[in-house]
1. For segment 148-165, give me each residue that is within 17 Å of the chain's Cα centre (by Cα) and of a type in the set (S, T, Y).
2. Please determine, by comparing only the residues of segment 167-183 that are closer than 17 Å to V44 by Cα and more than 16 Å from the chain's Cα centre (by Cα), which one is surrounded by the fewest Cβ atoms within 10 Å (Cβ to Cβ).
3. Yes or no: S18 at pLDDT 90 or above and of a type in the set (S, T, Y)?
4. Taking only segment 295-331 into account, find how many residues are of a type in the set (V, I, T), open to solvent by 80 Å² or more (accessible area, probe 1.4 Å) and without any contact (Cβ under 8 Å) to a residue 60 or more places away in the chain.
5. Restricting the search to segment 175-212, which residues are within 26 Å of A262 (Cβ to Cβ), among the hydrophobic types (A, V, I, L, M, F, W, C) and at pLDDT 95 or above?
6. Within the bounds of segment 83-96, is there any residue that is under 21 Å from T145 (Cα atoms) and in contact with a Lys or Arg (Cβ under 6 Å, 6 or more places away or on another chain)?
7. Return the residues of segment 69-101 that are of a type in the set (G, A, S) and under 24 Å from the mean Cα position of the chain (by Cα); say none if nothing qualifies.
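The values are calculated or read from the model by the stated rules, or taken from the named source; none is laboratory data. Predicted model only: the values in this text are computed from it and were never measured. Reconstructed Cβ throughout: ideal geometry from the backbone, glycine too, with neighbour counts over all protein chains shown. Side chains included, ligands, DNA and RNA excluded: accessible areas come from the protein's heavy atoms. Shrake-Rupley method; radii C 1.70, N 1.55, O 1.52, S 1.80 Å.
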Amino acid sequence: MKKNIYTLAIESSCDDTSAAILCNDKVLSNIVARQAIHEEYGGVVPELASRAHQQNIVPVVDVAIKKANIKKEDLNCIAFTQGPGLMGSLLVGGSFAKSMSMALHIPLIAVNHMKAHILAHFIDEVGFEKPTFPFLALTISGGHTQIVQVNSFFDLKIIGETTDDAVGEAFDKSAKILGLPYPGGPLIDKYAQEGNPKAFTFTKPKVDGLNFSFSGLKTQILYFIQKNMAENPNFINENRNDICASIQYTIITILIDKLKLAVQETGIKQIAIGGGVSANSGIRKTLKETEKKWGWKTYIPKFEYTTDNAAMIGIVGYYNYLENNFNTNDIVSKARIEF
């Protein structure tokens, strides 16, 4: 009879403290403590984030273990986010994971946060299919925009990435220009659903190959709003839904155009999305439409596994445990990390 592997996973790369317990590839608990304080500042304040992690980590881990209905002595390994992320935040999760693995005499596994967003698709979840290798992953978040060719659990290669800003930043900065509160990306998505995506036209940046660029689009949106507000001070209020729909349509078109090119170049027609921005309803809907349009097979994760969460760290930990890929306590957290 196969022995069950219990993994405690810890995610603390930005402003959410999360702990999860997995039994093999199944999630028993996935607890996330969110930090509301950053809303006052219109963005994440690193010092405040790391302090909040220090307050949250013990209760979050405790609740995760209790909700999973196991004892800490049942754990086989501890996986944690090594990077990329905010250094202070990463250190809190990493230090806790190291201490607990030493205390329990169980293996420690350091996980790349961006790889975890991709491999979250392999969590055993009712009603969700797992992709088969090889597949293309579009990872879209506040800090990253990447197209990754995934050949196996341990062979992932970036074939396209942003040359400047990430797609999540493009959404949030556009929202800020429109006077929407932080985080503004979900609000653009909300208003876009009621608007006309062809109401206003924005020029798509020309970037060679499979790479992306969003800084020029942000500037273009800023000048567009400034010009129209000068002519009509009520321009945003009168056109909010259409502006949001047009911004979202442009961003989605940029992403899909690059994916089309990646499919042409690799011949791989399996597409999986991950990262916080993959929660966007417009992106999900457009990707589903590509199945009929171009014969792609698309994989969209369960909503709770798109934003930062520990379950995705746990699934990577589980597959590393099976291969005996363990780390020693001298492993260091990294704000930037090699993929």
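1. T162
2. Among residues in segment 167-183 that are closer than 17 Å to V44 by Cα and more than 16 Å from the chain's Cα centre (by Cα), the one surrounded by the fewest Cβ atoms within 10 Å (Cβ to Cβ) is P181.
3. Against the criterion (at pLDDT 90 or above and of a type in the set (S, T, Y)), S18 qualifies.
4. So the count comes out to 0.
5. I188, A192, F202, L210, F212
6. Checking segment 83-96: at least one residue is under 21 Å from T145 (Cα atoms) and in contact with a Lys or Arg (Cβ under 6 Å, 6 or more places away or on another chain).
7. Scanning segment 69-101 gives A79, G83, G85, G88, S89, G93, G94, S95, A97.
Results for (1) in contact (Cβ under 8 Å) with a residue 24 or more places away in the chain; (2) open to solvent by 20 Å² or more (accessible area, probe 1.4 Å); (3) charged (D, E, K, R); (4) out of contact with any His (no Cβ under 7 Å at 6 or more places or on another chain), shown as yes or no for each residue.
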| residue | (1), (2), (3), (4) |
| --- | --- |
| M229 | no, yes, no, yes |
| I243 | yes, no, no, yes |
| T250 | yes, no, no, yes |
| D257 | yes, yes, yes, yes |
| Q264 | no, yes, no, yes |
| A272 | yes, no, no, no |
| A279 | yes, yes, no, yes |
| G282 | yes, no, no, yes |
| K293 | no, yes, yes, yes |
